[in-house]
Each structure stands twice: as C-alpha cells, then as structure tokens.
Amino acid sequence: MPCFCKTSAAKLPTVTPTASLSVMAVPPQMQQLLSLLGLEAAGSARADLKLAAMLPGMTGDAWMKATLAATAPHIQLPAILPSGGGGMMSMMMRLAVVAPMFPLTDVRRLVAEIQQAVTSLMAQVMPQAQALRGIPGPQLQNMALAARMTLALRAQGIYPMALANLDFSFAAQAGVASPQNRMTAALAFAARLPKITMAPFALPLPKVNLALNMAALAPMATAPQAMGLPPASDPNLARMLMNQLAALSTVPLPPLPLPVDELLALAAKLEDLETIKLAFGEDALTPAGVARVNAMLRFMAQLRIPIPLPAVALQAKIDALPKIDDIKLGAQAAKGAGMNLAASMTAQVPPVPILPLLEALAALSGVLQKALKVPPLGPCDACNFDIGAIQDSLSNMQLPPPPPLPPLPSF
C-alpha cells in the first residue's frame with residue numbers, strides 16, 4: 001500500500017523558510033542576458049531554421065488528417081480535430097504518468113491504495129506543511145523566478161552571485177576561476193550584434209502549430225507500456241484502452257479534507273522552494289540568504305546589456321519552440337498509431353473522476369522526493385496505519401459496473 005511516510009514528513013520543516021521571501025522584482029537585464037547568450041550559442045544552428053527545413057508547410061490539423069488518411073482512410077474524421085491526439089490518447093498519456101505509483105489495472109486495489117495515500121497524507125504531511133501553505137504565493141513565485149533565471153544563466157556559464165562578489169561557491173564547483181571572462185565575452189558579442197545580419201524567425205504560424213502538435217504526441221511512444229498495454233501501433237490498443245478507461249471511470253472519488261487544487265498548490269510551492277535552494281544555496285530561505293538574493297538582483301539591475309529589442313523578440317520565439325527530438329518522436333509515434341489515433345478522434349471517452357487526484361498525489365510525491373531526498377510514494381513499513389481496516393471495508397464494496405462502451409470504428 002502506498003504511504004506518505006512519517007519519516008519523510010518529519011523532514012518538511014527543513015524546507016520551511018525562516019524569513020520573508022520578499023525580494024525585489026527580477027530585473028529585465030537577466031532575461032536580456034539569457035536572450036543574448038541564446039543567440040550567441042545558436043548561430044547558424046538555430047532551431048527555427050532547422051525546423052523550417054524539416055517540417056512540411058501545413059497546420060497541425062492538416063498534417064494529422066493526412067497522416068490518418070494514409071492509415072485509416074475509411075474513418076470519417078470531425079471537421080476540426082481535437083487536440084492532443086483526441087480524448088482517448090490524451091487520457092492514456094495522462095494516466096501513464098501516475099501508472100508507476102498506482103495499480104490502474106486492479107480497480108479494487110486502486111481504491112484501497114488511494115484511501116491509504118490520502119489517509120497518510122492528511123495524518124503525516126499536512127500537519128507539517130501548514131507553514132508552507134501560509135507562504136504568500138506572489139513572494140515565493142518572484143523569488144522562484146529569480147532562481148530559475150539564475151540556474152539558466154549558470155547553465156550558460158554566467159554566475160550572477162559571483163559577478164556581484166557575493167558567493168563564488170557555484171562558480172568554484174564548476175571549475176570557473178574567473179567568472180568575469182564569460183560575461184566579458186557575452187558583452188563583446190552584444191557590441192557586435194547590431195552589425196550582424198540575422199535571419200528573421202523562419203517559421204510561419206502554421207509550422208509553429210505543427211511543431212507543437214507533433215511534440216504533444218511524443219509521450220504516446222512510451223505511454224502504452226507504462227499502462228501495461230500494447231504499443232500505440234497495435235490495432236488492439238484502442239479497445240483495450242477503452243476497457244481500462246471504462247473500469248477506471250467507476251472508481252469513486254473519496255471524501256477529501258481539502259481540494260485537489262490545494263494539493264497541487266502545495267506541490268508547486270515545494271518545487272519553487274527546491275529551485276530556490278538549488279540556485280542560491282541551502283541557506284537561501286534564511287534572512288541572510290534573502291538579503292544575498294536582493295543584493296544580487298540589485299547588481300543585475302545596474303548592468304547595461306546593449307541587445308536590440310528585435311533580437312530579444314527573436315530569441316523569445318525560438319525559446320518557445322518545443323525540442324526537436326520531441327517533435328520527431330511525436331511524428332514517428334503518430335505515423336505508427338494511425339488507426340488508434342483515428343479511433344481516439346471519434347470515440348466518446350468515459351470521464352475518470354479520480355484522475356486529477358492521482359495526478360496531484362503523484363506531483364506531491366515527486367517534489368517531496370526531490371526536495372527531501374526521500375523515496376517516492378510507495379509501500380512503507382515505517383507507519384502504523386490500520387490498512388487492514390481499509391481493505392476490510394472494501395471487501396463488501398460494490399463498485400458500479402463499467403458503462404457500456406460506444407462502438408469503436410472498425411478498420
């Protein structure tokens with residue numbers, strides 16, 4: 001039975017801030033510097049230029065219709081295709097994320113494990129998390145933004161804390177003896193930038209749409225295996241998946257002492273706190289740590305980064321593109337799964353009310369595992385919950401039968 005272990009929950013106070021996380025607004029110079037570094041690194045290998053040569057000149061909707069027409073020509077598709085591969089495939093990709101933690105193929109056991117997870121969460125995690133829930137969201141989000149910007153700059157060889165003469169530890173760990181050198185080179189590139197002829201953004205809107213559509217299908221390559229189903233190319237997948245969704249649709253949502261949205265908000269806060277510590281050190285959530293972050297932000301706000309606004313806008317468009325590997329993987333998965341995708345575009349998928357709770361529990365487990373260095377949600381021998389009583393209460397439980405399935409398209 002999965003458990004949010006009391007041993008893990010006892011570590012939560014170690015990530016609780018001991019100071020107000022009020023820091024100044026993140027200065028635009030940090031984003032300008034990231035844009036500058038992105039343009040400097042990309043050169044002729046820009047992602048938009050690669051994709052312009054690689055992608056056909058059509059929208060995602062038109063590409064999907066052409067792909068399905070090649071493998072399922074007898075299926076009458078809707079005029080406007082649903083996004084994300086249709087309801088059936090979208091549901092499979094969402095469920096695949098929680099499948100490693102919950103027994104999705106055994107409905108009765110799933111009900112017991114959900115109850116166990118919720119019981120241990122409320123008894124062990126939430127009392128320790130009260131202080132975290134009270135952190136003002138805007139303050140935390142602003143400091144987390146500063147942390148993400150700092151981590152992104154560090155990945156490009158720029159160490160804001162070292163540049164500001166505040167903390168040289170991260171630069172030293174990376175073996176960077178003179179943090180100013182990389183900054184000097186970046187500013188020298190910025191000085192040359194107005195004289196460099198840069199190709200405009202190469203992707204028209206239909207191709208951007210196509211790239212996003214293809215990348216959204218990338219998880220379809222591995223989702224069936226996570227669900228214990230045959231590959232997306234198997235013609236039996238659609239019926240097996242629909243049977244599984246019909247069974248899951250009967251799982252009742254247990255009474256929750258707090259909304260699922262609050263669980264997701266707690267997970268987001270824990271993730272932000274972990275990001276802040278990664279960027280600014282273990283003492284980042286203390287008065288000294290917050291003061292150091294403010295001093296760094298003041299230093300960054302004084303920088304002069306002569307980068308033309310069109311260059312900033314260009315890099316922002318490039319940064320918004322999905323990864324090329326995800327685009328390729330999604331396209332390959334779609335071409336191999338044409339029949340099942342066609343079925344997904346037209347099938348009436350039963351709702352799975354329990355899915356948002358499963359996603360919230362999985363998200364919370366993931367951030368606890370990362371922030372506290374503890375095992376993920378799973379079997380636990382350290383807690384003393386009477387899970388036998390949960391199992392006994394389910395022995396006579398009458399789950400409703402799965403709803404009748406609408407006919408799937410025949411091929």
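The values are calculated or read from the model by the stated rules, or taken from the named source; none is laboratory data. As the structure is a prediction and not an experimental result, all values here were calculated from the model. Please note: Cβ atoms are built from the backbone with ideal geometry, for glycine as well, and neighbour counts cover all protein chains shown. Accessible surface areas use protein heavy atoms only, side chains included; no ligands, DNA or RNA. Shrake-Rupley method; radii C 1.70, N 1.55, O 1.52, S 1.80 Å.
For the range 297-365, trypsin sites (Lys or Arg not before Pro) meeting the loop criterion (DSSP other than H, G, I, E, B) and having at most 13 other Cβ atoms within 10 Å: R304, K323. Which GluC sites (Glu not before Pro) from the range 240-321 combine a DSSP loop assignment with at most 13 other Cβ atoms within 10 Å? When the GluC sites (Glu not before Pro) of the range 240-321 are filtered for loop state and at most 13 Cβ neighbours within 10 Å, E282 remain. Each residue of the range 1-84 gets 311 Å³ once the volume of the Cα convex hull is shared out per residue.
With the simple model of a label 7 Å out from the Cα in the direction of the Cβ, K370 to A313 spans 3.4 nm. Once the Cα-Cα distance is subtracted from the 0.36 nm per residue extended length, the T286 to D106 segment shows a gain of 60.2 nm. A dipole drawn for the chain from +1 and -1 charges on Cβ atoms has a positive end, and of A291, V367, G38 the residue lying farthest that way is G38. A straight chain from I80 to A199 at 0.36 nm per residue would run longer than the Cα-Cα distance by 39.5 nm. Across the range 64-128 the C-alpha pair distances fall into 10 Å bins from zero in the proportions 17, 29, 22, 18, 11, 4 percent. In a reduced charge model with +1 at each Lys and Arg Cβ and -1 at each Asp and Glu Cβ, the chain shows a dipole moment near 1160 debye about its Cα centre. Within the accessible surface of the chain, defined with a 1.4 Å probe on protein heavy atoms only, the carbon and sulfur portion equals 59 percent. For A66 and Q225, the FRET efficiency from 1/(1 + (r/R0)^6), where r spans their Cβ atoms and R0 equals 25 Å, is about 0.35. For the residues S83, S365, a 1.4 Å probe over the protein chains yields an accessible-area ranking, largest first, of S83, S365.
Between the range 225-297 and the range 138-213, the alpha-carbon centres lie 27 Å apart. Of the residues D106, D319, the one with the largest accessible area comes first in the ranking D319, D106, computed with a 1.4 Å probe on protein heavy atoms.
Spread over its residues, the convex hull of the C-alpha atoms of the range 266-374 is 199 Å³ per residue. Percent of Cα pairs in the chain per distance bin of 10 Å, from zero to the largest separation: 4, 18, 21, 24, 21, 10, 2, 0. Pairs from the table (K195/K323; K50/K323; K65/K317; K207/K317; K11/K373) lying more than 19 angstrom apart at Cα are K195/K323; K65/K317.
Given a 1.4 Å probe and the protein chains as shown, I80 ends up with an accessible area of around 140 Å². Sorted largest first by accessible area at a 1.4 angstrom probe radius, with every protein chain in place, the residues F299, F280 fall in the order F299, F280. In whole angstrom, the range 21-150 maps to an equivalent ellipsoid with semi-axes of 38, 35, 12, each derived as √(5λ) from the alpha carbon gyration tensor and ordered largest first. Note on the range 118-213: semi-axes of the ellipsoid equivalent to its C-alpha gyration tensor, largest first and rounded to whole Å, are 38, 27, 12.
Computed over all pairs of different Cα atoms, the Kirkwood value for the hydrodynamic radius of the range 164-252 is 19.4 Å.
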